[in-house]
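Some notes on the structure that comes next.
The values are calculated or read from the model by the stated rules, or taken from the named source; none is laboratory data. Keep in mind that this is a model prediction, so the values were computed, not measured. All Cβ positions, glycine included, derive from the backbone under ideal geometry; neighbour counts span all protein chains shown.
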Amino acid sequence: MNTRFEQDGYLIDLAERLRAHGLPADRVQATVADLAAHLEESGADDAEAEFGPADEFAAQLVPATGERAQDAPAEQVETWRWTADTYVDEELLNRFGDEGWEVERVDALGRFVSHRDLTSPQRWEYRRELVTRGREGLDARLAPDGWEACGTWIVYAWFKRPKAASIGPAARLADAPPAPGRTSFLSRKFYALLAVLAVAVAVAGVAVAVGDDDASSGGGFVVGLLCGAAAVAAVLWVTQTWLARSRSRSR
């Protein structure tokens, strides 16, 4: 158990509230341990300032189908953490949503923390929105159609809703397929961008070093690496932002 969790009164209170909401003990422990790790990594001293009042935060962490969670024993609920890049995340979220996986939140590492009730699985659907300037009333705009936030990370927010909202009783699954054997789903485009980044960094480093009239100049090479990485990262961010906005406008 994380030491921060054992000593932090806020996290202890949060754990008790999650149990009161009916979450299984193993999910409560995993959730609070992740939050404690996030506090330590971010250096935040005040958990309440970071997450908000414990009662409100506990309500946000409980699945929308909280009544189901109270009745389902821990051994009948699967939990799965996985990650994907923004080229394929929506496609995969909806594919796995059709297999009964409900995203509870996105953790500090950008992983989708998902769970599935084996006794009465149902299909879920997802969408991603760009939130570079904050939520800007996004929750209120999407709520009438049944969408609720299920996670944010950097400039993105993900929303979920039971597929019953669009297809009715057909959203219930008779049998849940086996859980995927992987936890990382990175596309070819993502790997291609990494390759481009590596080449750009190397070229920039060599160019700066040669510009210093010393091809072996360690300082020049390091500066070149930083310049190349910053330039390519900026291009990637602009590209991703443009693609996300284009998808949002096309909905």
Original post:
residue 19 passes all but one of (1) buried (at least 16 other Cβ atoms within 10 Å of the Cβ); (2) part of a helix (DSSP H, G or I); (3) at pLDDT 80 or above; which number fails?
Top reply: (1)
**OP:** List every residue pair whose Cβ atoms sit under 9 Å apart, with the two residues 6 or more apart in sequence or on different chains, where the first one lies in the range 174-203 and is without any contact (Cβ under 8 Å) to a residue 12 or more places away in the chain and the second, anywhere, is hydroxyl-bearing (Ser, Thr, Tyr).
**Re:** 188/87
Original post:
Does any residue in the range 73-92 that is surrounded by 16 or more Cβ atoms within 10 Å (Cβ to Cβ) come within less than 6 Å, Cβ to Cβ, of a residue that is modelled with pLDDT under 90 and in a strand (DSSP E or B) six or more places away or on a different chain, and which pairs are these?
Top reply: 77/117
Original post:
Taking the stated definitions as given, is residue 117 among the acidic types (Asp, Glu), more than 16 Å from residue 60 (Cβ to Cβ), at pLDDT below 90 and surrounded by 14 or more Cβ atoms within 10 Å (Cβ to Cβ)?
Top reply: yes
